[in-house]
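Before any comments, here is the structure.
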Amino acid sequence: MNRINLLLPVLVVAILFSCCKSPGSNPDRDRKEILRLLADQRKYHFAKNAQKMAGMHSSRFITIDKGQIDSPAFKDVYNKFNNYFNSVEFVKWDDKQPPIVRFSNDGSVAYAAVSKLVILRTKDKTQKEILDTTNFAWLAVFKKENGTWKLDCIASTNK
């Protein structure tokens, strides 16, 4: 009887703890993975790799930008990045402050608040080369798909 009284609180705590975290959830590892994905985005911009950028998105990806909500297909995301990358040269795509990364209680959803200074070399209507500087901020929501973090939603604004 005494043994059961000792095991019962341990069992209750174990059950409660297991309800709060998804299997395989590792907050330190997951935070590093989200930060790596954000760093990969910078790398893919400078490498102009539309395939890798589009591949980061979930199968149910949603974008919120310029007052519009959209759920583009992979080919549309790819084409958007490909056209964009082919029209600019990146001078800067740098964090203005470290990203803020947070997780849902069960560890299955993460979000990152990001602030970037983006400087592009592009051409105006007369084909004269110009520098375009923009301050962007966005909220990126990541979800696990088959154990891999994917960008599920992005809500963006610029200054």
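The values are calculated or read from the model by the stated rules, or taken from the named source; none is laboratory data. These numbers come from a predicted model, not from an experiment. Please note: Cβ atoms are built from the backbone with ideal geometry, for glycine as well, and neighbour counts cover all protein chains shown. When the accessible area is computed, the model is the full protein with side chains, heavy atoms only, and any ligands, DNA or RNA have been set aside. Shrake-Rupley method; radii C 1.70, N 1.55, O 1.52, S 1.80 Å.
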Which one of S87, S156 is touching a residue at least 40 places away in the same chain (Cβ under 8 Å) and among the hydroxyl-bearing types (S, T, Y)?
S156
Please enumerate the residues belonging to segment 133-153 that are open to solvent by 70 Å² or more (accessible area, probe 1.4 Å) and over 17 Å from the mean Cα position of the chain (by Cα).
T133
Considering only helices (runs of 4 or more DSSP H) wholly within segment 1-114, the ones with at least 1 residues that are open to solvent by 90 Å² or more (accessible area, probe 1.4 Å), under 22 Å from W149 (Cα atoms) and at pLDDT 90 or above are 27-47, 50-55, 74-87
Can you tell me which residue among V114, V91 is hydrophobic (A, V, I, L, M, F, W, C) and over 18 Å from M53 (Cβ atoms)?
V91
Can you name every residue in segment 115-132 that is among the basic types (K, R), surrounded by fewer than 14 Cβ atoms within 10 Å (Cβ to Cβ) and in contact with an Asp or Glu (Cβ under 9 Å, 6 or more places away or on another chain)?
R121, K123
Exactly one of T126, T63 is in contact with a Cys (Cβ under 8 Å, 6 or more places away or on another chain), on the phi < 0 side of the Ramachandran plot and either free of Cβ contacts under 8 Å to residues at least 12 places away in the same chain or polar (S, T, N, Q) (or both), and that one is T63
Does K80 count as touching a Lys or Arg at 6+ places or on another chain (Cβ under 7 Å) and closer than 18 Å to T134 by Cβ?
no
Cβ-Cβ below 7 Å, separation at least six or inter-chain, first residue in segment 93-107 and without any contact (Cβ under 8 Å) to a residue 24 or more places away in the chain, second open to solvent by less than 50 Å² (accessible area, probe 1.4 Å) and among the polar types (S, T, N, Q): which pairs?
D95/S115; Q97/S115
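Residues checked against (1) of a type outside the set (A, V, I, L, M); (2) in contact with a Pro (Cβ under 7 Å, 6 or more places away or on another chain):
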site	(1), (2)
A47	no, no
T63	yes, yes
I69	no, no
K75	yes, no
Y84	yes, no
V91	no, no
